[in-house]
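Just below is one structure, and these are the notes that go with it.
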Amino acid sequence: MDSPGNATLPCGFLLQGFSEFPHLRPVLFLLLLAVHLATLGGNVLILVAVASVPSPRPMLFFLGQLSAIQLCYTLVVVPRSLADLAAPGLGRGSPISFLGCALQMQMFVALGGAECFLLATMAYDRYVAICHPLRYTAVVTPGLCARLALACCLGGMAVSVGLTVAVFHLPFCGSRLLAHFFCDITALLDLACTRSYADQLPLLGACLVLLLLPSLLILSSYGAIAAALRRLRSPGGRRKAASTCASHLAVTFLHYGCATFMYVRPKSSYSPRRDHMLALVYTNVTPLLYPLIYSLRNREITAAIRRVLGRGRQGQGLCDEP
């Protein structure tokens, strides 16, 4: 058994990746590459669309931050996975240094945590807009939006640093083979030599801060929104108010559903193959769905994207003129 001190040796870990399916590697590479490029394109388009608006409303500002988080989120995991799939002869897995693994996990948790806090912030924005429409511009000011955006990032960063330090102080033993395609928390905890429940306390604490606390704030906001909608006499006004929350609710269910299923469970229920497949969904598919959800449901985003694409076509037309 390795001691905690030996866990910091430069040998690092081996990411198993998709080495179990050598014949599927070309297909997986092309599929993941296509999804990755579509994800990058969709989130970059939303960022450009938000930046093209001179004075974006708070919700538009938060959507831009959400796209930036998703852009970084997928860049932390997917490029290395694509490189591993494209590299021949990796044998049992792809080597990754101890520091590189810790950094990847820390950034992954930080971005996921920032998204949790941001979704709670967006729920508060919807609460003020629907329950206190006359005070909305006075309450949700550009300065408050900037402070909330910064607090989301700093909160995710603080929790991720504490969780990373706790996980990488555990003793790791055996072959150091991570049954995953990136340095995920569950795979690292499964590789740890110790089986004490105390070792899961940092993950439990992170889940309480990143999942339970924001989810309680979201539920409180939407509870107040539901009560306000019930008081509305106009069905048209009720539908219009509810439609402004539809995109946010869809993204919230996607994010919290995957995160809760992955991390809020006992260590004994860990299944490498099942977690492998679910991780493919929440690191590749959900970041692709977010731009689709908001571009289809949010009129401001749709209008901004049309303006950006319209300017692009106009610029191309001018370049094509003799």
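The values are calculated or read from the model by the stated rules, or taken from the named source; none is laboratory data. In this text the structure is predicted, and so the values were computed from the model without any measurement. Virtual Cβ from ideal backbone geometry, glycine too; neighbours counted across all protein chains shown. Side chains are part of the model used for accessible areas, which takes the heavy atoms of the whole protein and leaves out ligands, DNA and RNA. Shrake-Rupley method; radii C 1.70, N 1.55, O 1.52, S 1.80 Å.
At least 3 residues being of a type in the set (S, T, N, Q) and either out of contact with any Lys or Arg (no Cβ under 6 Å at 6 or more places or on another chain) or more than 21 Å from H276 (Cα to Cα) (or both) is the threshold, and among the helices (runs of 4 or more DSSP H) wholly inside the stretch 176-264 those reaching it are 213-231, 235-263. For the stretch 138-175, a tally of residues being surrounded by 20 or more Cβ atoms within 10 Å (Cβ to Cβ) and in contact with a strand residue (DSSP E or B) (Cβ under 7 Å, 6 or more places away or on another chain) returns 1. In the list D190, D184, which residue meets the criterion of being open to solvent by 20 Å² or more (accessible area, probe 1.4 Å) and within 24 Å of F18 (Cα to Cα)? Going through D190, D184 in turn, the sole match is D190. The condition (being in contact (Cβ under 8 Å) with a residue 40 or more places away in the chain and outside any helix (DSSP H, G or I)) is satisfied by just one residue among F18, F61: F18.
Against the list (1) open to solvent by 40 Å² or more (accessible area, probe 1.4 Å); (2) under 16 Å from A246 (Cα atoms); (3) among the β-branched types (V, I, T), the condition I130 fails is (1). Considered as a group, the residues in the stretch 60-109 that are under 30 Å from S175 (Cα atoms) and within 9 Å of the chain's Cα centre (by Cα) include one that is surrounded by the most Cβ atoms within 10 Å (Cβ to Cβ), and that residue is V109. Output yes when any residue across the stretch 87-98 is touching a residue at least 60 places away in the same chain (Cβ under 8 Å), part of a helix (DSSP H, G or I) and under 29 Å from A279 (Cα atoms), and no when none is. Within the stretch 87-98, one or more residues are touching a residue at least 60 places away in the same chain (Cβ under 8 Å), part of a helix (DSSP H, G or I) and under 29 Å from A279 (Cα atoms).
Can you tell me which residue in the stretch 258-274 is farthest from C193 (Cα to Cα), limited to those that are open to solvent by less than 40 Å² (accessible area, probe 1.4 Å) and modelled with pLDDT of 75 or more? Top of the filtered list is C258. Note on the stretch 34-46: residues that are touching a helix residue (DSSP H, G or I) at 6+ places or on another chain (Cβ under 9 Å) and either surrounded by fewer than 16 Cβ atoms within 10 Å (Cβ to Cβ) or without any contact (Cβ under 8 Å) to a residue 24 or more places away in the chain (or both) total 3.
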